[in-house]
There are 2 protein chains.
Amino acid sequence: MYTLELNELSIEQFLADYWQKKPLCIRGGFRHFSDPLTADELAGLALEENVDARLIKKDGANWQLDEGPFDDFNQYGEKDWTLLVQAVDHWHPDAAQLLEAFRFIPNWRIDDLMVSFSTPGGGVGAHLDQYDVFIIQGEGKRRWRVGMPDASLKQFCPHPRLLQVSDFDACIDVEMEPGDILYIPPGCPHEGTSLEASLNYSVGFRAPAQKDLIGGLADYMLDFQLEGKRYTDQSRTINASSGRIEQNDVAAIRQLMQQLLDDEQLISEWFGSYITQPKHELDQQEPDPHYQPDEIAEYLEEGSVLARLGGLRCSYFQAKSDADVQLFIHGDRFPLPPEETETAQLLTDYPRLSIEQARHFLHTPERLYFISQLINQGYWYFEE
Amino acid sequence: MYTLELNELSIEQFLADYWQKKPLCIRGGFRHFSDPLTADELAGLALEENVDARLIKKDGANWQLDEGPFDDFNQYGEKDWTLLVQAVDHWHPDAAQLLEAFRFIPNWRIDDLMVSFSTPGGGVGAHLDQYDVFIIQGEGKRRWRVGMPDASLKQFCPHPRLLQVSDFDACIDVEMEPGDILYIPPGCPHEGTSLEASLNYSVGFRAPAQKDLIGGLADYMLDFQLEGKRYTDQSRTINASSGRIEQNDVAAIRQLMQQLLDDEQLISEWFGSYITQPKHELDQQEPDPHYQPDEIAEYLEEGSVLARLGGLRCSYFQAKSDADVQLFIHGDRFPLPPEETETAQLLTDYPRLSIEQARHFLHTPERLYFISQLINQGYWYFEE
Ligand SMILES: O=C(O)CCC(=O)C(=O)O
Ligand SMILES: O=C(O)CCC(=O)C(=O)O
Ligand SMILES: [Co+2]
Ligand SMILES: [Co+2]
């Protein structure tokens, strides 16, 4: 269990004064920090086929970028490189625990845990991200500089797959030590340079752009064969020019599209599916053979601990207390009756259920059947 | 030249009382009608690779549907079949002339000209369409029945690619003769059965559904790498449940999407591109070698007639008289200065330019250069 310590700040103050506004260095954000994984374990993950990993090496003014899976790291030498592994929470349950300290931000906003290992001098160069990030210092020391958003900064590509930013004025310039945490809002230039072999954990967020949302809604309508309403023009009058698209034609088209967005039910059902879709592969393992519901009941009664698959995205929406609960898991929607709010909450709020919590699923046959389905898909599993 | 005669109705009355409201049989809609093509020419088109053609044959309660290109039609016998050819306006300039009689509806709403040839007893069966259509009777006689929209009608598929509708009450039941025209609004069941070998010309319309519009806008943003604004939540407060998507989260997402639709410039520029995209192949022939602008000037001065490629979709939009003219051709956007409204109008309103009209393009070097580009792409051509 990792607990975030904001020192003199409350979480409310952090949200009000820093979140999406300005960067913050939280000294000792995790007290007595001990790394959930070792550099060797991280390197091991980077050898695997279905894990996204990159290695970035600086050689004077040249930048090299290699993509995983890797064979070995000997060729890269002793300094000036960083290995970055995406979605480590999908593969490493202990590392996934780090995310839990940030759940004062809702699930759906959290993206994944990226972990980097840097040799002395290693870093990805000064750059901007479009998303908020908390960077936790693990073993080793790293110097981090962070600036405020600045429209005059120039972005450039020292390598086709590397976007960096020109020199910036730092408002934060720190030597991070184990357990220190940096919060960086979108658009703030930042640059980390390792002083010694060092691990960094990045808790990244999701903030869809208008393009993503429109594209996601379009895909949803395609997938579910939702045509929606068709354009009509019952009150058409003669056009002076047949080639001219009139203002009121465009206005009618806009209105038709707007009516779609006005459909609160459609939008909430789509959004929940959209935002729980995975971006990276999961370590999903279907139990073979499947469990029978009565076996599952037995395990739960015995006190076996039910854990959620690392990185599984799940959220719920309930328009009002007497409305159906829309539970979203991994992009799928499961409508539950209004009184099942607690079911949704247990599944989405807790990465592992206490014995007490798990017993909730024994109380009705529907709940037992539902949790059985989720276990048999490999979404939840019994922890050894 | 075909001129639409509405008998006792004015076009204003037709629009007010019938357009998108109820079906109408216009006796002698084209006086002294003579077919722009022959059944043999139509059959010839159906042999070609890039022409969309279907043949539908009724055999008792069974329906057969074959898709083109066809080799010959002998196997189909003497009765009970209809050959339908899409987008004949793309391939047959004389047939394309039929569309011109309907230009009191703007270009962008018009889809294409479908032509059918039916043997006695031939028809596609009773069905509904989602679009308005004018069906012109050419040679031969055909019985047409049309009903009003009726939610109790059942749709069914007597063949996987054929959607028909159960028996309906007809409010129109006519024997159509050459030059008669039937107007059918969306959703009205209709059924044509040939009494003798018969040609029908269908002027079809486009009415995008919400799904099409959202999908079109998403594609446009992708194509032009328009990210749009990103979701922000500067005023976030602590959530009681991290798994819960709050009402105001969804409201903020909806608002972000709505801001995109509120961008009048974006929407008009996208819509013009979207709605002028072709659905069927064009008979586009790039001149080889390309013309030089001064050669084109010479031809125009000599009085050569400039014609627009059949089926080429083009429209323009101008938000106000001192705003740029957005000219859309074949899905592409050409911004022109505000004073070029007439340029846009000449290109989009007239399928062929009079000698006087064509001289417009000689008056400035920019116009001459622009029309040269369009000619060299095969969008406009000199008529022999
Ligand atoms: O760990 C690193 O070197 C890069 C971290 C970073 O820039 C980020 O998470 O945004
Ligand atoms: O010509 C035909 O047989 C079919 C015409 C038709 O149903 C239409 O154009 O909507
Ligand atoms: Co970064
Ligand atoms: Co029809």
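Would you grab the residues whose amide H sits under 5 Å from the one on B:L309? Only those 5+ places off in sequence or on another chain, please, with H modelled 1.01 Å from N.
Hits under the 5 Å cutoff: B:W380, B:Y381.
If each residue's Cβ is checked for other Cβ atoms within 10 Å, how do A:H32, A:H190, B:H280, A:H363 rank with the fewest at the top?
Neighbour counts put them in this order, fewest first: A:H32, A:H363, B:H280, A:H190.
Within a 10 angstrom radius of each residue's Cβ in B:100-106, how many Cβ atoms of other chains show up on average? Whole number is fine.
Neighbouring Cβ atoms belonging to other protein chains average 4 per residue here.
Using alpha-carbon positions, what is the distance between the centroids of segment A:157-198 and segment A:1-46, in Å?
15 Å
How well do other chains shield peptide B:215-226, expressed as the mean number of their Cβ atoms within 10 Å of each residue Cβ?
That average works out to 4.
Stretched out fully, how many nm does the piece from A:F104 to A:E5 gain, at 0.36 nm a residue minus the Cα gap?
34.4 nm
Please compute, over every Cα-Cα pair in segment A:293-382, the percentage with a separation greater than 19 angstrom.
33 percent
As an exercise, use a Förster radius of 41 Å and the Cβ-Cβ distance of B:L226 and B:Q285 to find the FRET efficiency, rounded to the nearest 0.05.
0.80
Multiply the residue gap between B:F382 and B:D322 by 0.36 nm, knock off their C-alpha separation, and tell me the result in nm, one decimal place.
18.4 nm
How large is the convex hull of the Cα atoms of segment B:11-205 per residue, expressed in Å³ as a whole number?
Considering the Cα atoms of segment B:11-205, their hull volume per residue is 117 Å³.
How would you rank B:F334, A:F156, going from fewest to most other Cβ atoms within 10 Å of each one's own Cβ?
Going from sparsest to densest Cβ surroundings: A:F156, B:F334.
Once the Cβ-Cβ distance between B:R352 and B:A252 is put in as r, and R0 is 56 Å, what FRET efficiency do you end up with, to the nearest 0.05?
That pair, B:R352 with B:A252, gives E of 0.60.
Given a cut-off of 25 Å, name the pairs among A:K320/B:K229; B:K58/B:K154; B:K22/B:K58 whose C-alpha atoms lie farther apart than that in the structure shown.
Exceeds cut-off: A:K320/B:K229; B:K22/B:K58.
Size of the dipole of the protein assembly as shown about the Cα centre, Lys and Arg at +1 and Asp and Glu at -1 on the beta carbon, nothing else charged, in debye to 20?
1660 debye
Per DSSP helix of 4 or more residues, -39500 (n - 2.57); summed, then divided by the residues of chain A. What does that give at 222 nm, rounded to the nearest 500?
-7500 deg cm²/dmol
With N denoting the number of residues in chain A, provide Rg(C-alpha) divided by 2.2 N^0.38 Å, to two decimal places.
Against the compact-globule rule of thumb, the ratio is 1.15.
For segment B:247-253, what does the Karplus curve 6.51 cos²θ - 1.76 cosθ + 1.60, with θ = phi - 60°, yield as ³J(HN,Hα) per residue in whole Hz, taken in order and with x for Gly and Pro?
Values, residue by residue: 3, 6, 5, 5, 4, 5, 5 Hz.
Explain nothing, just compute: Karplus ³J(HN,Hα) = 6.51 cos²θ - 1.76 cosθ + 1.60, θ = phi - 60°, for every residue of segment B:343-357 in order, whole Hz, x for Gly and Pro.
4, 4, 5, 4, 6, 9, 8, 10, x, 9, 9, 5, 4, 4, 4
Distances longer than 12 Å among the Cα atoms of segment B:300-341: what percent of all pairs is that?
64 percent
Show me the GluC sites (Glu not before Pro) within segment A:1-101 that DSSP assigns to loop and that have at most 15 other Cβ atoms within 10 Å of their Cβ.
A:E5, A:E8, A:E48, A:E49, A:E78
What trypsin sites (Lys or Arg not before Pro) does segment B:300-384 have in DSSP loop regions with at most 15 other beta carbons within 10 Å?
In loop regions of segment B:300-384 (DSSP not H, G, I, E or B), the sparsely surrounded trypsin sites (Lys or Arg not before Pro) are B:K320.
Using the count of nearby Cβ atoms within 10 Å as a rough guide to exposure, how do B:V88, A:V146 rank from fewest to most?
A:V146, B:V88
What are the ³J(HN,Hα) values, in whole Hz, obtained from phi via the Karplus relation 6.51 cos²θ - 1.76 cosθ + 1.60 with θ = phi - 60°, for each residue of segment B:71-84 in sequence order, with x given for Gly and Pro?
With the stated coefficients, segment B:71-84 comes to 9, 8, 10, 4, 4, 8, x, 9, 8, 6, 10, 10, 9, 10 Hz.
Under the Kirkwood approximation applied to all pairs of distinct alpha-carbon atoms, what is the hydrodynamic radius of segment B:55-159 in Å?
Radius from the Kirkwood sum: 16.0 Å.
Around B:S241, under 10 Å between beta carbons, what's the net of Lys plus Arg minus Asp minus Glu among the other residues?
Summing Lys and Arg as +1 and Asp and Glu as -1 gives 0.
In µm²/s, what is D for segment B:210-262 at 4 °C and 1.567 mPa s, where D = kT/(6 pi eta Rh) by Stokes-Einstein and Rh is the Kirkwood radius from Cα pairs?
98 µm²/s
Mean 1/r over all different Cα pairs, inverted: what Kirkwood radius does the protein assembly as shown give, in Å?
Its Kirkwood hydrodynamic radius stands at 31.0 Å.
Round to the nearest 0.05 the FRET efficiency obtained for B:F156 and A:L195 when R0 = 56 Å and r is the Cβ-Cβ distance.
E between B:F156 and A:L195, to the nearest 0.05, is 0.15.
Only the coordinates and a few stated rules stand behind these numbers; no lab work does. The shown structure was predicted, so the numbers you read here are calculated from the model rather than taken from an experiment. Reconstructed Cβ throughout: ideal geometry from the backbone, glycine too, with neighbour counts over all protein chains shown.
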